[in-house]
Amino acid sequence: MTDVAMPLPLPADRPDSGLEFPFREKEFRFIAELMHETTGIKLNPSKMNMVYARLVRRLRELQLPSFAAYCRLLREPEGEEEMSQLINALTTNLTRFFREPHHFDHIRQVVVPALMARVNRSRRLRIWSAGCSSGEEPYSIAMVLAEQMRELDRWDARILATDLDSTMLATGSAGLYPFSALADIGPARLARHFAKSGNHLLVNDQLRQLISFKQLNLVNPWPMKGPFDAIFCRNVMIYFDQPTKAGLIARFTELLAPGGWLYVGHSESLLEPGSGLVSAGRTVYRKAT
């Protein structure tokens, strides 16, 4: 989650008391319902402080006097342009290179050997990073592929990286990260996959050419047809209600190739009757062949 300075708790009797901008429960409900309708993300009442803290900057930039005025803007036709700013502010972006490392061990130890074994049938490889944030996840996947598949350049290999947040996608597409973001990556890996660019490190062309960054709202229709050999959707579905989550699982399963893998976050579990998936490791699921 993006770190923000949280305001004092909102008093129950006067939700706007002591705050820079009046913010009442009815405005929170409107914003929460709009986010749920638009993105599938569920904001319960305990998130009221978080919503205030993340949207205060927008009210200042727009020179609006209150959250009531902000909600009126969102209702108007010109509010469509503001929706992307609202989504960017309220979506959570917590990521790092090789986060939940057991998933990347699974790619190296299980997925790559399985792909190599089918070399006489197909050299097509498709992986989807759904909820890719600022790009650390798809670049981590690409590093494992480049290190484990010596003839990767002879494969029709692509990684699709999608997210709601256009700001995060711009960071991922640029492939430029501060040294601190790569502190846990060993020197050999850094030397192979990155080049110094001022006070940052730039991902090399081989990895960047593997990845396509696209904006996508997961609750809307998907333009891609698949099939995907693996799909990463980690720590995303925890923000959805159960019907939305069940629908996403069904759609992911449909897009997976037979025997394909689905990776989810450490607090997510998908084993439900009729899902079409079986457990294949810690927070790893596989579609029946």
Completion exercise
Here the qualifying pairs (Cβ atoms under 6 Å; residues six or more apart or on different chains; first in the stretch 22-45 and over 23 Å from residue 238 (Cβ atoms); second of a type in the set (Ser, Thr, Tyr)) come out as 22/66; 23/52
Handout entry: Out of 264, 236, 278, sole residue that is surrounded by 14 or more Cβ atoms within 10 Å (Cβ to Cβ), without any contact (Cβ under 8 Å) to a residue 40 or more places away in the chain and out of contact with any His (no Cβ under 6 Å at 6 or more places or on another chain)
Key = 264
Practice task
Can you tell me which residue within the stretch 88-109, out of those that are touching a residue at least 60 places away in the same chain (Cβ under 8 Å) and not in a loop (DSSP other than H, G, I, E, B), is surrounded by the most Cβ atoms within 10 Å (Cβ to Cβ)?
Solution key: 103
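Results for (1) in contact with a strand residue (DSSP E or B) (Cβ under 7 Å, 6 or more places away or on another chain); (2) crowded, with 21+ Cβ neighbours inside 10 Å, shown as yes or no for each residue.
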| position | (1), (2) |
| --- | --- |
| 137 | yes, yes |
| 147 | no, no |
| 157 | yes, no |
| 166 | yes, no |
| 183 | no, no |
| 197 | yes, no |
| 200 | yes, no |
| 206 | no, no |
| 222 | no, no |
Fill in the blank from the handout: Subset of the stretch 17-41, residues within 17 Å of residue 66 (Cβ to Cβ) and either modelled with pLDDT under 90 or not in a helix (DSSP H, G or I) (or both), comes to 17, 18, 19, 20, 21, 22, 23, 24
Practice task
Would you be able to say whether some residue in the stretch 240-248 is modelled with pLDDT of 95 or more, part of a strand (DSSP E or B) and out of contact with any Phe, Trp or Tyr (no Cβ under 6 Å at 6 or more places or on another chain)?
Solution key: no
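The values are calculated or read from the model by the stated rules, or taken from the named source; none is laboratory data. Everything numeric here is computed off the predicted structure, so don't read it as measured data. In this analysis, Cβ positions are derived from the backbone assuming ideal geometry, glycine residues included, and neighbour counts consider all displayed protein chains.
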